[in-house]
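Please read the structure below before turning to the comments.
The values are calculated or read from the model by the stated rules, or taken from the named source; none is laboratory data. Values in this document were obtained by computation on a predicted structure and should not be read as measured data. Note that we place each Cβ from the backbone using ideal geometry, even for glycine, and neighbour counts take in every protein chain shown. Accessible surface is based on the protein model in full, side chains and every heavy atom, while ligands, DNA and RNA are left aside. Shrake-Rupley method; radii C 1.70, N 1.55, O 1.52, S 1.80 Å.
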Amino acid sequence: MLTDCHNHILPEMDDGSKNVEMSVAMLQMMQKQGIARVIATPHFYCHREKSVASYLERRQRKFEKLMEASPPISNILLGAEVAIEKGLCDTPGIEKLAIEGTDLILLELPYAPYQDWMEEEIDNIAMTYHLTPILAHVHRYLDWYSKAQIKQMMQFDAIFQINAEAFETFSQRKIAKEVIKRELPFLFGSDCHNLTDRKPNFDLLQKKVKSEVLEKSNALLEQHLQK
Ligand SMILES: [Fe+2]
């Protein structure tokens, strides 16, 4: 089942979809691109949220609002894109941000020079809560990390998430292809936020990636859904 593992389709939740109508239109676009299941991953910034519990309540409300509109894709699992911050692991209830029905948690590295505490934080979350980290859009850090640090990141005990847009630029494509060639675990997502400059783009992915590669992403997700 073709699944978009990273997107911002929930209405009025973050800098993604602005309202239910936009969410429905985004899901229509996704459906046309062959997507049958969506993992909704609104941003979670620890320093901005009152608590994990209040974020989850808000997410549930927005999800229900969307479902009331009978969206064209109803197979929607709830997750979060959790920004890695110092001390994140000690945030009460952080493990509840895992993708529902799985042991997976989508983590976003800071857009800042790489520092060792980032890997420590990822490892702590994985070990403390028995979760498998997914590193969001691993190809996006070229402006911040040295080549050696990108290599180091690829050795993390994690799943590497690749956005469709990675295949549009030479340098990002190189990283995405490296992940695939090295047979590291990976999941695809659109990271779509709207209907214009960051729209659903699995059509691009289907043009750039062989179907068996797409299938690997789906198979990996299935494994974790059955855990
Ligand atoms: Fe995102």
Stretchable slack from D103 to R58, in nm (0.36 nm times residue separation minus alpha-carbon distance): 14.0 nm
Difference of contour (0.36 nm per residue) and Cα-Cα distance, D203 to S171: 9.5 nm
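How much FRET efficiency would the formula 1/(1 + (r/R0)^6) give for D116 and E178, where r is the Cβ-Cβ distance and R0 is 22 Å, rounded to 0.05?
0.45
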Net lengthening on full extension, A148/E215 (0.36 nm per residue, minus Cα-Cα): 21.1 nm
Members of K32/K208; K181/K216; K147/K181; K32/K177; K177/K210 lying beyond 19 Å, as alpha-carbon distances in this model show: K32/K177
Two-site FRET efficiency, S74 against S51, from Cβ-Cβ distance with R₀ of 25 Å, rounded to 0.05: 0.30
Cα centroid separation, region 116-145 to region 171-227 (Å): 18 Å
Convex hull volume per residue for the chain, taking Cα atoms only, in Å³: 114 Å³
Mean residue ellipticity (222 nm) of the chain, computed from DSSP H runs ≥ 4 via -39,500 (n - 2.57), nearest 500: -11500 deg cm²/dmol
Computed log₁₀ I(q)/I(0) - Debye formula, equal Cα scatterers, no solvent, region 34-93, q 0.23 Å⁻¹: -0.96
Carbon + sulfur, % of accessible area of region 3-225 - ligands and nucleic acids excluded, 1.4 Å: 50 percent
Relative contact order for the chain, counting Cα pairs under 8 Å that sit 6 or more residues apart, in percent: 22 percent
For the chain, accessible area per residue (1.4 Å probe, heavy atoms of protein chains only), Å²: 47 Å²
Cα gyration tensor shape for region 122-227, rounded if a/c is under 1.5, else prolate or oblate: oblate
